[in-house]
Amino acid sequence: MMNRRDALRHMGAGFGMLGLRNVLHAVQDNNPMAPRAPHFPAKAKRVIFLFLNGGMSQVDTFDPKPALIKHHGEPMPGPKIKTDRASGNLMRSPFEFKKHGQSGIEVSDIFPRVASKIDDICVIRSMYSDNGNHGPSLLMMNCGHGLTGRPSMGSWLTYGLGTMNQNLPGFVVLCPGFPVLGAQLWSSTFLPSVHQGIHIPSGEKDPAKLVANIHNSKYSAQEQAEQLKLLNRLDRAYLDRVGSPELEAGIQTMEVAYRMQTEAPEVFDISKESEATRARYGDHDFGRGCLMALRLAERGVRMTQVYFGNFQPWDSHDDIRIHAKLAQAADGPIASLIEDLKLRGMFEDTLLIIGSEFGRTPMIQNSGLERVGNGRDHNVHGFTTLLAGGGVKGGITYGATDEFGFKAAEKRCHVHDLHATILHLMGMDHLKLTYRYSGRDFRLTDVAGNVVHDILA
């Protein structure tokens, strides 16, 4: 027996659920990876982030400091500088800097091919971040926060803009193995899991092995299509009853995985490129990764991130001269990528980012080593990031570090500012690209960030 009050309460709850069901159904019918209009006209359609993980030294690459030559071997003036490890006296760069291009920007001789493209590049010399350890700095550069649990930049981009090719993931990460922290750097965390970055082992030369289980040896393509159709009907029927964002994301992921069977093997097969093109990139992990990034960008992938190598290869605590060998592997692929983006008509709407999680000190490191060498410690107070294409002015430098290259001194640019600028170039207002989670509206730039308008073309 039910009284009138109970009957009205149950009926009211039922009508409310009917309304919620309609809302959920509208969301579920919308493909979360479909291309979406930006907040305002975008300069860039896609991002390629070349990550020299470990910490590229700014004073040995793109930020020349004559004062280091003059005061080589002397203590840094002023109070003793505290870095992660004990640092000694100032140390000049073992490399020579020369002016290049019409812009006359000085570049170290370890990057000769990049130097030849300097008129296409914006050199931000005043970057700074918050934490001198690799983990927090990697998270900051990739996810906008020094602690775990925040979505990566690639996830934010696909969440806001979708992707232009439904047969490929919207966010691809290329690395032969894993950098420090691994998948946390391309996680979607509280964003729908369909926006998670997809890791591809760029060290694998056989395209058939790059994506695990890409081919089904048991069923034909037609049989798989019939299976997927049946699973989709069952899943959608369940979704209509309960509404589950996690299941919706899982359905989307399965559908992308099925469609990838036709396109992924071809896009990752760099043997499709000419022998001359492959030679320019080089037969090593980073070169192959850059060439794959070009092919992915060409086919509409929203963001591709290429890590230089496993763990932290640019972390030169013992001898900074190792940077010459590292740069030799990075120089050709970076320059070739700029060349080929231009040749294929994509440079103007592809934003190319080249950088590390932080820089290195202008002082020699003299502790924590098996032997005293010519290494440099971590430095978050001032470092360099390069941008090219995608609505950025080429042939300019922005900001400056102090006379020794230790701290950002002029036109300081925090990582939040860099992220705000990247989103702006992609047509997104970083203040409006938000996601409500745990009672708060989160964004890539946390509670900070200003667009660096001076570098925009």
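The values are calculated or read from the model by the stated rules, or taken from the named source; none is laboratory data. Worth saying up front: this structure is predicted, and the values here are computed from it rather than measured. Note that each Cβ is placed from the backbone with ideal geometry, even for glycine, and that neighbours are counted across all protein chains shown.
Summary of values
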read-out: Within the range 157-179, considering residues that are in contact with a Pro (Cβ under 9 Å, 6 or more places away or on another chain) and either basic (Lys, Arg) or under 21 Å from Lys432 (Cβ atoms) (or both), the one surrounded by the most Cβ atoms within 10 Å (Cβ to Cβ); value: Thr158
read-out: Any hit, the range 134-145, residues being surrounded by fewer than 19 Cβ atoms within 10 Å (Cβ to Cβ), touching a residue at least 60 places away in the same chain (Cβ under 8 Å) and assigned to a loop (DSSP other than H, G, I, E, B); value: no
read-out: Segments classed as strands (runs of 3 or more DSSP E), wholly inside the range 46-118, with at least 2 members that are among the aromatic types (Phe, Trp, Tyr); value: 46-51
read-out: Flag if Leu228 is at pLDDT 75 or above, part of a helix (DSSP H, G or I) and not basic (Lys, Arg); value: no
read-out: Which numbered condition Ala249 misses (of (1) over 30 Å from Leu425 (Cβ atoms); (2) at pLDDT below 75; (3) under 23 Å from the mean Cα position of the chain (by Cα)); value: (1)
read-out: Scope the range 178-194; condition part of a helix (DSSP H, G or I) and touching a strand residue (DSSP E or B) at 6+ places or on another chain (Cβ under 7 Å); matching residues; value: Ala183, Leu185, Trp186
read-out: Boolean, Gly395 is more than 22 Å from the chain's Cα centre (by Cα), at pLDDT 95 or above and buried (at least 19 other Cβ atoms within 10 Å of the Cβ); value: no
read-out: The range 146-156: number of residues that are of a type outside the set (Gly, Ala, Ser) and surrounded by fewer than 20 Cβ atoms within 10 Å (Cβ to Cβ); value: 2
read-out: Count - residues of the range 292-331 that are in a helix (DSSP H, G or I) and in contact with a helix residue (DSSP H, G or I) (Cβ under 8 Å, 6 or more places away or on another chain); value: 10
read-out: Close pairs from the range 59-73: first at positive phi, partner surrounded by fewer than 16 Cβ atoms within 10 Å (Cβ to Cβ), Cβ under 8 Å, at least 6 apart; value: Gly73/Asn89
read-out: Test: residue in the range 373-393 that is free of Cβ contacts under 8 Å to residues at least 40 places away in the same chain and on the phi < 0 side of the Ramachandran plot; value: no
read-out: Members of the range 49-60 that are out of contact with any Phe, Trp or Tyr (no Cβ under 6 Å at 6 or more places or on another chain) and farther than 16 Å from Asp285 by Cα; value: Ser57, Val59
read-out: Pairs where the first residue, in the range 437-456, is part of a strand (DSSP E or B) and the second is of a type in the set (Val, Ile, Thr) and at pLDDT 95 or above, C-beta under 6 Å, 6+ apart; value: Asp441/Thr434
